[in-house]
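Accompanying notes for the structure given below.
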Amino acid sequence: MTIQILPPQLVNQIAAGEVVERPSSIVKELMENAFDAGASRIEIDLEQGGIRMIRISDNGSGIPREELALALSRHATSKISRQEDLVNVLTMGFRGEALPSISSVSRLALTSRTPEANSGYRITADGSEIHPEPEPAAHPPGTTVEVRDLFYNTPARRKFLRADKTELGHILQTVERLALARPDVGILIRHQQKETLRLPPASDTEAWSQRVERILSDQFIDHSIAVNASTEGLQLKGWISLPTHSRSQPDQQFFYVNQRHVRDKLITHAVRQAYQDVMYQNRHAVYVLYLDIDPAWVDVNAHPAKTEVRFRESRQVHDFIFRTLQRTIAAQKPGHAPAIPDEPSPFGFQIPETTVFASGQKQASTPLSRRVTAAYPPPVSPPSPQALSIPFAEYAIQMDASAPVPPLGFAIACLHDTYILAESAQGLVMVDMHAAHERITYESLKQQLENQGSILSQPLLLPLRMTLSRHDADKAEHLAETLVRWGLDLQRTGDTSMVVRAMPALLEGADAQKLVQDLIANSDIGDTASPAVEQAIHEVLAGVACHAAVRAGRKLSLAEMNSLLRQMEATERSGQCNHGRPTWIELDRHKLDSFFMRGR
Ligand code: ADP
Ligand code: MG
């Protein structure tokens, strides 16, 4: 074959291979065009899962008559004109490919009217460069794109389409994803002339959170933490699920960069890492997060469908997301008011001037707040590490009759030697003693290690002699220096023998032999300060805390129980144990009343 230039329609069909996979990809491109045109309302009509027909109308800026043909031409766009613009893209589109690509694999009609024009105009296209003259057509200001018979001229591709219901499912997913990006835009979908989804425009945070709940689940906001933090050039807001409300699939994770939905390994990793010590490995957080970033810091031209981005300072972005979420999760102790995201801003990018970690600073009296949100001054100062040793030191609780009831209330009884029952201002609090204690121990071990560089050690009354395999003894000897930092004094006394002379004070009473064995088993830890090492240390500490924690079955006095409750209030992440199980739940008055059908 001789080399020849391909005809435009074929070029567009090739481009369509990347951009138009199925009806949902068309919906995505057309909705993004409507967003870019500043529409506040979008209506979508579908027939047969969008295969037969997709019609999208908006009330945006419209296209003047003389530009209609251009809109359908390849590489024709109103969104960028110079290379510099590409660096600062804030619109969803900029490649000028969607309309020509779509028109090359379907029967496309574009009808549009600008506010100034006294009539609308309509034009049809087939992916070639030859466009008929626009004809006058009745249309309100805005644009309607109608796409019929997808892949009618490319039968091989048509075969890949699935049942109408499946295609409709993909479309709804796409629309929901876009609807979360732009809560300010009202959206209506009809399939076979039946209303399928109606999302009113949201003008305040409450309406915004209602949209989020409509799309995720009506329980989500109640079981989530609001995020709102910013630093120079970066702002992160939205909602993340409480660690206790994870899912078995990562199917409800929405992340937006400058209002563009993206899937990005770096981001996924940062979020995962933030949850790492509060959630099981194979569970997945639920989140709707919005990152606003200086557009010059991010390259959106990394993928034809623009679902991937490249960050210029990827490390910085990663760390900002990770630290923000980690702090937000850590701040979830009982009685801590979560932050509330600001109002949604339609074109949300602003560079904040100051660094504010707003977590917990705003009073929560809106429906966004979790139930236990009274801003509560703890009656006791956070316990010193020593006060946390086992058995609980019964340190005095300075109870002031006028002080409010603490968030977790006061212990009234212990049930089956496992659960603490406490009366709180709202109702009845139930605490899993073992889980709560495990978390408290773990957090204070971590804190000691972070703050003092080592864990407080306590000599054993009787040094413990133990026999190990030579291999383990070698490892232990090699580790000894690191273990000192962890409060463990370990010396080799022979080929296969060691002696333990001191243990972490917090772990008094724990099985020293088991502890040492666990540490050795996890000892492929170097002693550099890399995140991997840190994570490994945390894993070991979590395991250690689990050994030491009060086993279900041990009797606690009321004072000990109260002491545990106060420690929980003062401890970060105390809402769940190291494995992501909840440590406490509350039945409020309202729930209790409803059990007994009071007030009906
Ligand atoms: P891109 O969005 O990358 O610019 P498209 O092929 O999607 O490329 O659209 C081409 C041009 O047509 C856009 O740049 C815009 O000027 C115009 N356009 C498309 N859809 C609309 C719409 N719904 N409202 C107003 N103008 C539109
Ligand atoms: Mg576009």
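The values are calculated or read from the model by the stated rules, or taken from the named source; none is laboratory data. This is a predicted model, so every value here is computed, not measured. Ideal geometry is used to build each Cβ from the backbone, glycine not excepted, and the neighbour counts take in all protein chains shown.
Only residues in the range 582-598 that are on the phi > 0 side of the Ramachandran plot and surrounded by 13 or more Cβ atoms within 10 Å (Cβ to Cβ) count as the first member; pair them with residues that are of a type outside the set (Ser, Thr, Tyr) and part of a helix (DSSP H, G or I), Cβ under 9 angstrom, at least 6 apart or cross-chain, and list the lot.
none
Just wondering, is there one or more residues in the range 15-23 that are acidic (Asp, Glu), within 12 Å of ligand 1 (Cβ to nearest atom) and assigned to a helix (DSSP H, G or I)? Step through it out loud before you land on a result.
Applying the first criterion (acidic (Asp, Glu)) to the range 15-23 yields 18, 21.
Those left that are additionally within 12 Å of ligand 1 (Cβ to nearest atom): none.
Taking every residue of the range 15-23 in turn, none turns out to be acidic (Asp, Glu), within 12 Å of ligand 1 (Cβ to nearest atom) and assigned to a helix (DSSP H, G or I).
Checking Ile54 against (1) closer than 22 Å to Ala15 by Cα; (2) surrounded by fewer than 20 Cβ atoms within 10 Å (Cβ to Cβ); (3) among the aliphatic types (A, V, I, L, M), only one condition comes out false. Which one?
All conditions pass for Ile54, except number (2).
I'd like the full set of residues that are part of a strand (DSSP E or B), within 9 Å of ligand 1 (Cβ to nearest atom) and among the hydrophobic types (A, V, I, L, M, F, W, C), limited to the range 99-112. First the steps, then the outcome.
Pass one, the range 99-112, residues part of a strand (DSSP E or B): 107-112.
Next, from what is left, pick out any that are within 9 Å of ligand 1 (Cβ to nearest atom): 110, 112.
Answer for the range 99-112, where residues must be part of a strand (DSSP E or B), within 9 Å of ligand 1 (Cβ to nearest atom) and among the hydrophobic types (A, V, I, L, M, F, W, C): just Leu110.
Quick one: in the range 94-109, of everything that is of a type in the set (A, V, I, L, M, F, W, C) and more than 12 Å from ligand 2 (Cβ to nearest atom), which residue is farthest from Lys306 (Cα to Cα)? Spell out how you get there, then give the answer.
Step one: list which residues in the range 94-109 are of a type in the set (A, V, I, L, M, F, W, C), which gives 94, 98-99, 102, 105, 108-109.
Those left that are additionally more than 12 Å from ligand 2 (Cβ to nearest atom): 105, 108-109.
Details: Val105: 20, Leu108: 23, Ala109: 24 Å.
Per the criteria, the residue is Ala109.
Name the residues in the range 65-84 that are surrounded by fewer than 16 Cβ atoms within 10 Å (Cβ to Cβ) and more than 15 Å from ligand 2 (Cβ to nearest atom), would you?
Glu66, Ser81, Arg82, Gln83, Glu84
Residue check: is Val20 within 15 Å of ligand 2 (Cβ to nearest atom) and either on the phi > 0 side of the Ramachandran plot or modelled with pLDDT of 95 or more (or both)? Break it down stepwise before answering.
On the way: within 15 Å of ligand 2 (Cβ to nearest atom): yes; either on the phi > 0 side of the Ramachandran plot or modelled with pLDDT of 95 or more (or both): no.
Considered against the rule, which asks whether it is within 15 Å of ligand 2 (Cβ to nearest atom) and either on the phi > 0 side of the Ramachandran plot or modelled with pLDDT of 95 or more (or both), Val20 comes out as no.
From Ile225, Ile171, which residue is in a helix (DSSP H, G or I) and surrounded by 18 or more Cβ atoms within 10 Å (Cβ to Cβ)?
Ile171
Each row is one residue, and each column tells you yes or no for (1) in contact with a strand residue (DSSP E or B) (Cβ under 9 Å, 6 or more places away or on another chain); (2) in contact (Cβ under 8 Å) with a residue 40 or more places away in the chain; (3) of a type outside the set (Gly, Ala, Ser).
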site	(1), (2), (3)
Ser61	yes, yes, no
Ala69	yes, yes, no
Leu72	yes, yes, yes
His75	no, no, yes
Ile80	no, no, yes
Gln83	no, no, yes
Leu99	yes, yes, yes
Ser106	yes, yes, no
Leu110	yes, yes, yes
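It is to be established whether one or more residues within the range 31-49 are among the hydrophobic types (A, V, I, L, M, F, W, C), more than 13 Å from ligand 2 (Cβ to nearest atom) and modelled with pLDDT under 95.
Among the residues of the range 31-49, not one is among the hydrophobic types (A, V, I, L, M, F, W, C), more than 13 Å from ligand 2 (Cβ to nearest atom) and modelled with pLDDT under 95, which makes the answer no.
If Gly49 satisfies every condition in (1) within 13 Å of ligand 1 (Cβ to nearest atom); (2) crowded, with 20+ Cβ neighbours inside 10 Å; (3) not in a strand (DSSP E or B) but one, which is the exception?
All conditions are met except number (1).
Looking at the range 179-200, I want the residues that are on the phi > 0 side of the Ramachandran plot and assigned to a strand (DSSP E or B) and have a partner that is acidic (Asp, Glu) and modelled with pLDDT of 95 or more with Cβ atoms under 9 Å, at least 6 apart or on another chain. Which pairs are those?
Filtered contacts from the range 179-200: no entries.
Scan the range 113-129 and tell me whether some residue there is within 11 Å of ligand 1 (Cβ to nearest atom), more than 20 Å from Gln9 (Cβ to Cβ) and not in a helix (DSSP H, G or I).
Yes - at least one qualifying residue is present in the range 113-129.
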